1. Counting only heavy atoms of the protein chains, get the accessible area per residue of the chain (1.4 Å probe) and round it to a whole Å² value.
2. Within region 28-117, report the chymotrypsin sites (Phe, Trp or Tyr not before Pro) that DSSP leaves as loop and that have at most 12 other Cβ atoms within 10 Å.
3. Kindly state, to the nearest 0.05, the FRET efficiency for Gln134 paired with Ala78, given R0 = 30 Å and r defined as their beta-carbon distance.
4. So what is the relative contact order for the chain, in percent, with contacts set as C-alpha pairs under 8 Å and at least six apart?
5. With a 1.4 Å probe and all protein chains left in place, how much of the accessible area of region 1-127 comes from carbon and sulfur atoms, in whole percent?
6. For a Förster distance of 30 Å, can you work out the FRET efficiency between the beta-carbons of Val24 and Ala119, rounded to the nearest 0.05?
7. If each residue of separation counts as 0.36 nm, what is the full-extension length gain between Thr102 and Thr88 once their alpha-carbon separation is subtracted?
Amino acid sequence: MPYKGGYPRATDWRVVRGRYDFAVDGGAVGDIDLTLDAQIPANAVILGGFVEVDTAVTSGGAATVAVKVEGAGDIVAAAAVSGAPWSTTGRKSVVPVFTGATTVKTTAARKIQATVATAALTAGVFDVVLFFIQLPDA
């Protein structure tokens, strides 16, 4: 698509928050929608963000959790709940770290999803906060 002019301004930045809460969402293996109505629009570029673990994620087995928007593990790569980043509370890093190579661009409107694999979860609460812009010429 040809360039139509314009650049994102600081006031064009947007933020979306997704929340996982075992008491609300359960912990079944598969994708769990964390954003309900909030969506990241098509042609948005996710620049960065963080995960805030309020209650450590646990499992009766060897569960893994990943977080995605556009594709598998593009926000947080799959990791065992027995280790980082899920086993302790606090703020954790995400894959997009405000560099061109790590940004994630959406091809359609998307939601934040947690992907549980290997075994079901038995506890946990965390937020995913992502900062993005929508390109004006997309």
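1. Solvent-accessible surface per residue comes out at 50 Å².
2. Counting only loop positions with at most 12 other Cβ atoms within 10 Å, the chymotrypsin sites (Phe, Trp or Tyr not before Pro) in region 28-117 are Phe98.
3. Working: r = 28 Å, r/R0 = 0.93.
Approximately 0.60, to the nearest 0.05.
4. Here the relative contact order equals 46 percent.
5. After summing per-atom areas, the C and S share lands at 57 percent.
6. Numbers: r = 20 Å, r/R0 = 0.66.
Approximately 0.95, to the nearest 0.05.
7. 2.6 nm
The values are calculated or read from the model by the stated rules, or taken from the named source; none is laboratory data. Note that the structure is a prediction, hence the values are computed from the model and not measured. Using ideal geometry, Cβ is built from the backbone for each residue, glycine included, and neighbour counts are taken over all protein chains shown. Ligands, DNA and RNA are stripped out before the accessible areas are found, and what is left, the full protein with its side chains, is counted by its heavy atoms. Shrake-Rupley method; radii C 1.70, N 1.55, O 1.52, S 1.80 Å.
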